[in-house]
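Q: Sharing a structure below in structure tokens format, with a few things to ask.
The values are calculated or read from the model by the stated rules, or taken from the named source; none is laboratory data. All values reported here derive from a predicted model rather than from experimental measurement. Remember, those area values only see protein heavy atoms, side chains included, never the ligands or the DNA or RNA. Shrake-Rupley method; radii C 1.70, N 1.55, O 1.52, S 1.80 Å.
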Amino acid sequence: MTETSPSERGFIPGTSALPPPASAPAAIPAAPTTAPSVVVGKAEPLPSFGSTPGSDQLARIEDKCSRIEDKYARSEALLSRVEEKVEGAAGRMNEAARQSDLSALRSEVRAIADRTRGLPGSGALVLTAVITAVLTVALTIAAQRFHLDAMLPPR
């Protein structure tokens, strides 16, 4: 195992080691020794946060994330513009469909008007009714004068 250098940092960088509890029982004082303590390995103090390879990688990841967010925002703006254009085109298509429906309706009304234009008017119908009534009366009177009712079969 390695022995850490005496610093105020704990295991996690950026945090300090907890101080020993003040209420710990007093230990038996050790005899002063003049021999230096044995160090098996030397641990170097942790470098600052911005200069470690892990922090460089973290910075690259954050940079990539920000570029991805920018691309996402641009894509979202592009999609909203496309959506607006599609809605506008749909509105124009609906208007064109309404116009074609109106033109089809106009042509149908024109065809019906052409067909009904050849029919007799109200004056001709009244004249036909008067002529029919006069002829019916005249023929009935003629049938009675010439005793044509005898030709009818008996009841």
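Q: Leaving out ligands, DNA and RNA, and with a 1.4 Å probe, what % of the accessible surface on the stretch 66-155 is carbon or sulfur? Working shown, then result.
A: Values: 5440 of 8380 Å².
Summing carbon and sulfur atoms, their accessible area is 65 percent of the total for the stretch 66-155.
Q: If you don't mind, another one. Calculate one ³J(HN,Hα) per residue across the stretch 93-106 by plugging θ = phi - 60° into the Karplus curve 6.51 cos²θ - 1.76 cosθ + 1.60, and present them in order as whole Hz with x for glycine and proline.
A: Rounded to whole hertz, the list is 5, 4, 5, 5, 5, 4, 5, 5, 5, 5, 5, 5, 5, 4.
Q: Using a 1.4 angstrom probe and counting only protein chains, how large is the accessible area of Val82 in Å², to 10?
A: 70
Q: Cα convex hull of the stretch 61-155: mean projected area in nm², to one decimal?
A: 15.2
Q: Taking only protein heavy atoms into account and a 1.4 Å probe, give the accessible area per residue of the stretch 77-155 in Å². Mind dumping the intermediate values first?
A: Working: 7270 Å² over 79 residues.
With all protein chains present, the stretch 77-155 gives 92 Å² per residue.
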